[in-house]
Amino acid sequence: MSDTDVSPSGRDFIREMVARDLAAGKRGGRVVTRFPPEPNGFPHIGHAKSICLNFGVAQDFGGTCHLRLDDTNPETEDQAYVEAIRRDVRWLGFDWGENFFYASDYFEQLYDFAVELIRRGKAYVCSLNEDEIREYRGTVTEPGRNSPYRDRSVEENLDLFRRMRDGEFPDGAHVLRAKIDMSAANMKMRDPLLYRIKRATHYHRGDAWCIYPMYDFAHPLSDAIEKITHSLCTLEFENNRDIYDWLVDTLEVPDPPRQTEFARLNMTYTVMSKRKLLQLVERKLVAGWDDPRLPTLSGLRRRGFTPAAIRDFCDRIGVAKANSTVDVTLLEHCQREDLNVRVPRVLCVLRPVKVVIENYPEDQVEELDAPFYPRDVPKEGSRTVPFSRVLYIERDDFAEVPPKGFHRLSPGREVRLRYAYIIRCESVVKDAAGEVIEIRCTYDPATRGGAAADGRKVPGTLHWVSAAHAVPVEVRIYDRLFQVERPDLEEAPFEELLNPQSLETLTGSLLEPAAADPALGDWLQFERQGYFFRDPVDSTPERLVFNRTVALRDSWAPEAQKAAAPAAASPAASASRAPKPPKETEAKAPEPLTAEELEQLAHLRGVLQPVLDAVLAAHPAEVERYRSGQTGILGFLVAQVMKRGAQPGGGKPSPKLVNVLLTQALGG
RNA sequence: UGGGGCGUCGCCAAGCGGUAAGGCACCAGACUUUGGAUCUGGCACCCGGAGGUUCGAAUCCUCCCGCCCCAACCA
């Protein structure tokens with residue numbers, strides 16, 4: 001990208017900052033970012049925000065973005081997570097090229113940095129135990145006390161640190177600490193720990209090390225090693241920035257990277273913390289990391305969410321510093337928008353009820369033409385659907401006693417079967433329990449294809465399948481995992497918060513035969529239902545399994561609610577939305593003009609009259625709005641006059657006087 | 001409580017002293033062989049609150065209120 005893209009107002013405050021840095025000639029015009037996950041869990045959509053940001057900023061400014069595993073704690077990390085991270089970043093559509101790194105590959109350099117810190121008298125080996133360290137740290141309101149080991153000589157520190165590395169001491173015997181300030185107001189600066197002794201096998205380095213650097217030490221220096229220019233992280237690291245700066249400055253790292261924080265993503269009806277996700281998986285409240293109800297990228301992928309939709313979502317939520325929780329309906333909207341324009345429509349009856357067309361010949365089968373796409377989707381393609389005497393329609397599409405506003409089938413009413421015929425319900429057959437098990441209908445042979453030749457209006461169109469031709473499939477209807485909007489704010493156990501309807505498995509669904517063809521692709525829209533994705537794990541040619549990615553918008557659902565609970569709709573709800581009285585614009589006592597100003601005013605009026613007239617003439621709408629009481633717009637008009645009204649002498653007119661003149665001109 | 005950050009529509013979010021963008025959600029209507037899609041219109045006289053500066057304040061100043069983060073040998 002060229003310099004012309006360095007605009008003062010970017011898409012977000014981070015891009016603005018990068019643009020400013022570039023414009024100021026900082027960092028030799030380079031932009032290098034990094035996505036630095038710890039491989040201790042599966043990436044989720046919150047990570048996607050960070051991935052899109054880091055790779056996106058690099059892309060926008062012609063820079064590069066590294067993928068670096070921040071693997072400094074061997075106890076929680078695993079190679080399996082590394083694979084998941086690599087796969088998911090790639091799946092999202094980003095490419096780190098050659099720039100794939102492990103912080104653990106820097107352990108030797110990091111060790112050297114630590115030695116250098118000791119040499120400069122800026123780090124020491126502390127032999128307090130964990131509890132003592134905590135105690136010496138003080139509290140948020142009281143300063144800490146210096147460790148008794150703080151003044152060890154450089155030689156002693158060098159020797160001890162060397163022996164820590166050599167494995168001469170048991171775990172926890174010593175730590176390396178930065179020598180900063182035990183009374184710092186920022187708790188993070190009270191001699192933070194840099195290294196701890198930990199005999200654990202590292203998934204990547206094996207047993208090569210028994211001391212491991214802490215995040216606060218490893219992260220900034222890994223950034224420095226990779227010559228990162230902009231280190232973007234989430235808000236909870238704001239306090240850590242002081243250490244970051246202290247380290248790169250104390251070690252005199254050339255052209256040091258700088259850290260900038262942004263708000264992490266939260267989303268309604270789900271949890272995002274690794275701890276809670278892990279808990280859901282371990283307690284088997286979900287089927288695994290790739291459970292389609294989880295916000296993990298593997299879960300979303302299995303559910304049928306697409307990289308394009310997730311990237312679009314990340315674009316739309318923005319990047320800012322305010323903690324926020326994004327409405328999951330935005331994600332759903334992005335997904336529908338992506339699939340709408342490219343997915344074939346087919347007919348699938350999720351919960352079937354039998355329909356017999358009494359006047360349709362027993363053994364007749366017709367092949368009816370049906371396009372895959374509606375007229376507003378610019379794609380071609382069609383198939384035929386078999387029609388016969390015995391069909392199935394959706395159970396919900398029939399009501400013996402139709403609620404108000406019901407457009408579907410009920411006794412005596414007509415309805416259109418999509419691409420087929422208009423039928424009328426003549427009677428129903430019930431079982432012993434009184435449940436409708438069969439709907440008896442007649443069809444109108446003159447309506448083949450679904451069009452009523454006589455122009456008669458049919459209120460509803462239903463999806464259907466032919467009993468003899470339909471393919472049985474399994475359909476998994478996924479819904480929000482939690483029934484509360486903000487589960488992260490609740491203290492109740494998961495069991496009470498989870499949505500019992502988050503998964504409904506339908507084993508008796510019936511798919512039209514042509515739709516079983518895998519050549520149609522992995523995504524299908526089941527008309528009037530939603531977008532579905534062939535389950536990549538359980539679906540086989542013999543037993544098709546579809547996951548509902550997202551339902552279609554349903555403008556009947558809210559109506560149906562009202563119809564079901566008519567008494568609940570009280571007019572009281574609307575009362576609170578009564579029109580507010582217009583705010584009293586306190587007519588500030590017009591500040592009296594001085595005699596001098598009065599004199600100027602007369603003069604100004606003479607000079608400015610043409611300008612005033614021109615401005616008022618040029619902005620009739622604004623004038624109208626002013627006259628109708630929207631007086632705030634006066635500022636706009638003043639600005640217009642100021643712009644055009646440079647006086648002959650060159651000086652700008654006094655805005656105060658322009659204000660007065662305008663007010664008068666407007667009839668004030 | 002000391003320090004750091006943040007408060008603009010139900011949810012996100014622009015705004016950088018001169019007419020409160022946009023999206024999602026919601027509501028109404030048009031169109032419709034998906035109660036889908038699309039289109040049109042409606043949704044903040046007001047920016048956490050109170051003062052102040054200014055011709056003019058969401059933007060500047062002062063005070064106050066609320067929320068988040070920090071006292072792991074986690075990241």
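The values are calculated or read from the model by the stated rules, or taken from the named source; none is laboratory data. This one's a predicted model, so the numbers in the text were calculated from it and none came from an experiment. Counting neighbours? That spans all protein chains shown, and the Cβs are built from the backbone with ideal geometry, glycine included. Keep in mind that these areas ignore ligands, DNA and RNA; they rest on the heavy atoms of the full protein, side chains included. Shrake-Rupley method; radii C 1.70, N 1.55, O 1.52, S 1.80 Å.
Worth a mention:
- Top-ranked residue in the range A:449-468 [being more than 19 Å from A:Ile439 (Cβ to Cβ) and not basic (Lys, Arg); ranked as farthest from RNA strand B (Cβ to nearest atom)]: A:Asp454
Every residue, every condition in (1) closer than 21 Å to A:Lys354 by Cα; (2) open to solvent by 40 Å² or more (accessible area, probe 1.4 Å); (3) at pLDDT below 95; (4) among the β-branched types (Val, Ile, Thr), yes or no:
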position: A:Ser410; (1), (2), (3), (4): yes, no, no, no
position: A:Tyr421; (1), (2), (3), (4): yes, no, no, no
position: A:Glu438; (1), (2), (3), (4): yes, no, no, no
position: A:Asp454; (1), (2), (3), (4): no, yes, yes, no
position: A:Thr461; (1), (2), (3), (4): yes, yes, no, yes
position: A:Val475; (1), (2), (3), (4): yes, no, no, yes
position: A:Arg480; (1), (2), (3), (4): no, yes, no, no
position: A:Arg486; (1), (2), (3), (4): no, yes, no, no
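- Any hit, the range A:74-82, residues being closer than 23 Å to A:Leu278 by Cα, within 11 Å of RNA strand B (Cβ to nearest atom) and touching a Phe, Trp or Tyr at 6+ places or on another chain (Cβ under 8 Å): yes
- Identity of the residue in the range A:532-562, of a type in the set (A, V, I, L, M, F, W, C) and away from RNA strand B (no atom under 13 Å from the Cβ), that ends up surrounded by the most Cβ atoms within 10 Å (Cβ to Cβ): A:Phe546
- Selection status of A:Arg120, more than 12 Å from RNA strand B (Cβ to nearest atom) and surrounded by fewer than 18 Cβ atoms within 10 Å (Cβ to Cβ): yes
- Test for A:Ala420: is it in a loop (DSSP other than H, G, I, E, B), within 42 Å of the chain's Cα centre (by Cα) and touching a residue at least 12 places away in the same chain (Cβ under 8 Å): yes
- Filter result for A:Phe161 (more than 32 Å from the chain's Cα centre (by Cα) and closer than 16 Å to A:Ile118 by Cβ): yes
- Within the range A:235-262, the set of residues being of a type in the set (A, V, I, L, M, F, W, C), assigned to a helix (DSSP H, G or I) and within 22 Å of A:Ala48 (Cβ to Cβ) comprises A:Leu235, A:Phe237.
- A:Gln529 being open to solvent by 20 Å² or more (accessible area, probe 1.4 Å), polar (S, T, N, Q) and over 30 Å from A:Glu358 (Cα atoms): no
- Residues of the range A:334-350 that are of a type in the set (Lys, Arg) and surrounded by 17 or more Cβ atoms within 10 Å (Cβ to Cβ): A:Arg336, A:Arg345.
- Pick from the range A:141-157, criterion buried (at least 17 other Cβ atoms within 10 Å of the Cβ) and either of a type in the set (A, V, I, L, M, F, W, C) or assigned to a loop (DSSP other than H, G, I, E, B) (or both), ranking: farthest from RNA strand B (Cβ to nearest atom): A:Arg152
- For the range A:314-345, the tally of residues that are more than 7 Å from RNA strand B (Cβ to nearest atom) and more than 16 Å from A:Thr270 (Cα to Cα) stands at 10.
- Residue within the range A:47-64 that is among the aromatic types (Phe, Trp, Tyr) and not in a helix (DSSP H, G or I) present: yes
- Taken residue by residue, the range A:587-599 has no member that is polar (S, T, N, Q), at pLDDT below 50 and over 30 Å from A:Cys334 (Cα atoms).
- Every pair of residues 6+ apart whose Cβ atoms lie under 7 Å, when the first sits in the range A:550-573 and is farther than 24 Å from A:Leu481 by Cβ while the second is open to solvent by 70 Å² or more (accessible area, probe 1.4 Å) and modelled with pLDDT under 75: A:Lys562/A:Ala569
- Hits in the range A:502-526 (condition: among the hydrophobic types (A, V, I, L, M, F, W, C) and open to solvent by 50 Å² or more (accessible area, probe 1.4 Å)): A:Leu503, A:Ala519, A:Trp523
- Candidates in the range A:163-188 are the residues that are surrounded by 13 or more Cβ atoms within 10 Å (Cβ to Cβ) and of a type in the set (D, E, K, R); of these, the one that is nearest to RNA strand B (Cβ to nearest atom) is A:Lys188.
- Being open to solvent by less than 20 Å² (accessible area, probe 1.4 Å) and near RNA strand B (Cβ under 9 Å from one of its atoms) is a property that A:Ile197 has.
- Test result for A:Ala58, open to solvent by less than 20 Å² (accessible area, probe 1.4 Å), among the aliphatic types (A, V, I, L, M), more than 16 Å from RNA strand B (Cβ to nearest atom) and under 26 Å from the mean Cα position of the chain (by Cα): yes
- Failed condition for A:Ser222, given (1) in contact with a Phe, Trp or Tyr (Cβ under 7 Å, 6 or more places away or on another chain); (2) closer than 22 Å to A:Pro37 by Cβ; (3) away from RNA strand B (no atom under 12 Å from the Cβ): (3)
- Contact annotation: residue pairs with Cβ atoms under 6 Å, 6 or more positions apart or on different chains, pairing a residue in the range A:150-168 that is over 22 Å from A:Asp207 (Cα atoms) with a partner that is not in a helix (DSSP H, G or I), are A:Arg150/A:Tyr124; A:Arg152/A:Tyr124; A:Asn157/A:Tyr124; A:Asn157/A:Val125.
- Among residues of the range A:380-408, those that are surrounded by fewer than 17 Cβ atoms within 10 Å (Cβ to Cβ), within 11 Å of RNA strand B (Cβ to nearest atom) and among the basic types (Lys, Arg), counted: 1
- Of the listed requirements (1) modelled with pLDDT of 70 or more; (2) loosely packed, with under 11 Cβ neighbours inside 10 Å; (3) within 12 Å of A:Asn659 (Cβ to Cβ), A:Val641 misses just one: (2).
- Residue that is in a loop (DSSP other than H, G, I, E, B) and touching an Asp or Glu at 6+ places or on another chain (Cβ under 7 Å), where the choices are A:Pro411, A:Pro361, A:Pro378, A:Pro403: A:Pro411
- From the options A:Asp95, A:Asp105, A:Asp71, A:Asp112, residue that is open to solvent by less than 50 Å² (accessible area, probe 1.4 Å) and either more than 12 Å from RNA strand B (Cβ to nearest atom) or under 30 Å from A:Cys314 (Cβ atoms) (or both): A:Asp71
- Condition check for A:Arg528: modelled with pLDDT of 95 or more, within 16 Å of RNA strand B (Cβ to nearest atom) and not in a strand (DSSP E or B): yes
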